[in-house]
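Down below is the structure, laid out as structure tokens.
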Amino acid sequence: MRDRQEFDIDYQLLIYPMIDDTRTSVTANWDVPVWDPKSNEFGWSSYLGPLFGTEDIPYTAAPSRATDLSGLPPTYIMVGTLDGFADEDIAYAQRLNQCGVPVELHVYPGAPHGFEGFAPNTAVARQARKDINNWLAARLA
């Protein structure tokens with residue numbers, strides 16, 4: 001949307017986003033409780049089809065491949081420390097920040113991928129929902 005300039009996007013809320021098809025980070029190769037390396041490979045290969053494993057993947061399909069993140073809308077990113085996406089999400093938040101994009105990053109200790117969905121009554125899930133709701137309320141005010 002940024003590149004096509006069809007309309008302005010006010011913000012993006014990214015909940016443990018899957019953004020790096022290379023799967024080369026340390027956490028991408030952990031044997032995590034949910035969405036392990038085999039699931040991640042299956043997800044990317046299903047999504048990218050014949051492009052999977054090539055260098056022809058556009059940054060619009062795998063945001064970690066973007067060389068310029070400037071001009072993106074304010075961003076909220078959340079991820080848990082036991083999520084295979086932790087490294088790529090933290091790195092993406094850093095890159096957004098370095099490009100002048102307002103970014104809020106929340107990293108939840110001990111939380112695996114999908115934690116707020118399968119363990120909604122835990123303290124960490126309640127905190128995540130509170131953090132998201134507060135951030136959204138500020139955007140919608």
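Residue by residue, here is whether (1) touching a residue at least 40 places away in the same chain (Cβ under 8 Å); (2) under 30 Å from D3 (Cα atoms); (3) touching a helix residue (DSSP H, G or I) at 6+ places or on another chain (Cβ under 9 Å) holds:
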| residue | (1), (2), (3) |
| --- | --- |
| D31 | no, no, yes |
| W35 | yes, no, yes |
| T54 | no, yes, yes |
| T67 | no, yes, no |
| A86 | yes, yes, yes |
| E104 | no, yes, yes |
| P120 | no, no, yes |
| A125 | no, no, yes |
| R139 | yes, yes, no |
In the range 7-26, is there at least one residue being surrounded by fewer than 19 Cβ atoms within 10 Å (Cβ to Cβ), in a loop (DSSP other than H, G, I, E, B), among the polar types (S, T, N, Q) and touching a residue at least 12 places away in the same chain (Cβ under 8 Å)?
yes
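So if I check each of D36, D31, which one is surrounded by 10 or more Cβ atoms within 10 Å (Cβ to Cβ), of a type outside the set (V, I, T) and farther than 30 Å from A141 by Cβ? Lay out the reasoning, then the answer.
Working: D31 fails: surrounded by 10 or more Cβ atoms within 10 Å (Cβ to Cβ).
Within the list D36, D31, the selection yields D36.
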The lone exception for P73 - which of (1) free of Cβ contacts under 8 Å to residues at least 12 places away in the same chain; (2) in contact with a Lys or Arg (Cβ under 9 Å, 6 or more places away or on another chain) it fails:
(1)
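Taking the criterion of being closer than 19 Å to Q12 by Cβ, acidic (D, E) and more than 11 Å from the chain's Cα centre (by Cα), would at least one residue in the range 90-105 satisfy it?
Applying the first criterion (closer than 19 Å to Q12 by Cβ) to the range 90-105 yields 90-105.
Imposing the further condition that a residue be acidic (D, E) reduces the set to 104.
Subset that is more than 11 Å from the chain's Cα centre (by Cα): 104.
Yes, the range 90-105 contains a residue that is closer than 19 Å to Q12 by Cβ, acidic (D, E) and more than 11 Å from the chain's Cα centre (by Cα).
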Considering (1) out of contact with any Pro (no Cβ under 7 Å at 6 or more places or on another chain); (2) surrounded by fewer than 15 Cβ atoms within 10 Å (Cβ to Cβ), say which one P102 fails and leave the rest.
(1)
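Could you identify the single residue in L48, L72 that is at pLDDT 95 or above, surrounded by 15 or more Cβ atoms within 10 Å (Cβ to Cβ) and closer than 18 Å to Q5 by Cα?
On the way: L48 fails: closer than 18 Å to Q5 by Cα.
Sole residue among the options that is at pLDDT 95 or above, surrounded by 15 or more Cβ atoms within 10 Å (Cβ to Cβ) and closer than 18 Å to Q5 by Cα: L72.
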(1) in contact with a helix residue (DSSP H, G or I) (Cβ under 9 Å, 6 or more places away or on another chain); (2) over 24 Å from G80 (Cα atoms); (3) not small (G, A, S): which one isn't true of L13, the others all being true?
(2)
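The values are calculated or read from the model by the stated rules, or taken from the named source; none is laboratory data. It should be emphasised that the depicted structure is a prediction, and the values quoted were computed from it without experimental measurement. Using ideal geometry, Cβ is built from the backbone for each residue, glycine included, and neighbour counts are taken over all protein chains shown.
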